[in-house]
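Asker: Submitted below is the structure of interest, expressed as structure tokens.
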Amino acid sequence: YWASQRVEPDLISQIKEAQKEDSEIWTVAENLAEQTEFRLDEDDVLWLGTRLCVPNDASLREALLTEAHSSPFSFHPDSTKMYHDLKQHFWWSGMKRDVATFVSRCLICQRVKIEHQRANGLL
């Protein structure tokens, strides 16, 4: 995923930094004893297993979705493919819904979808 998507290291740094300000992230972090699947690393960054937890920050999530969907290496994946690619490395509550909404708003994807559904005329 990293090699194909090339998520900007700066975006990863922004996610880690934004975690410090997110109340949902800190609620989970404060209750780690009850949340066995979550962990804090040595830099106090929250992970769900090996997946980086993305804070509830609309601009960060939008940037991550844009990068995953519009990179020259991804060719506008459908929502299922994009979700499976993202979930290998990232987690946030409602991610599957956000991915589906994002892809449904992509004008390029909608245009291609319509072109592939056109009838070829009379047989």
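Asker: Taking θ = phi - 60°, what integer Hz values does the Karplus form 6.51 cos²θ - 1.76 cosθ + 1.60 yield along the range 94-99, in sequence order, with x for Gly and Pro?
Answerer: Couplings: x, 4, 4, 5, 4, 5 Hz.
Asker: Hey, what do the phi angles of the range 32-44 turn into as Karplus ³J(HN,Hα) couplings, whole Hz, using 6.51/-1.76/1.60 and θ = phi - 60°, x for Gly and Pro?
Answerer: Running phi through 6.51 cos²θ - 1.76 cosθ + 1.60 with θ = phi - 60° gives 4, 4, 8, 10, 5, 7, 8, 8, 9, 8, 5, 9, 6 Hz.
Asker: Out of the trypsin sites (Lys or Arg not before Pro) in the range 32-102, which ones are loop residues according to DSSP with at most 12 other C-beta atoms within 10 Å? Working shown, then result.
Answerer: Values: sites: Arg39, Arg51, Arg61, Lys81, Lys87, Lys96, Arg97; in loops: none.
Taking the range 32-102 and a limit of 12 other Cβ atoms within 10 Å, no loop trypsin sites (Lys or Arg not before Pro) are found.
Asker: A further question on this structure: As an exercise, use a Förster radius of 25 Å and the Cβ-Cβ distance of Leu11 and Gln35 to find the FRET efficiency, rounded to the nearest 0.05. Spell out each step's value before the answer.
Answerer: Values: r = 25 Å, r/R0 = 1.00.
Calculated transfer efficiency: 0.50.
No value in this document is a laboratory result; all are computed from the given coordinates. All values derive from a computational prediction rather than experimental measurement. Positions of Cβ are generated from backbone atoms using ideal geometry, with glycine treated the same way; all protein chains shown enter the neighbour counts.
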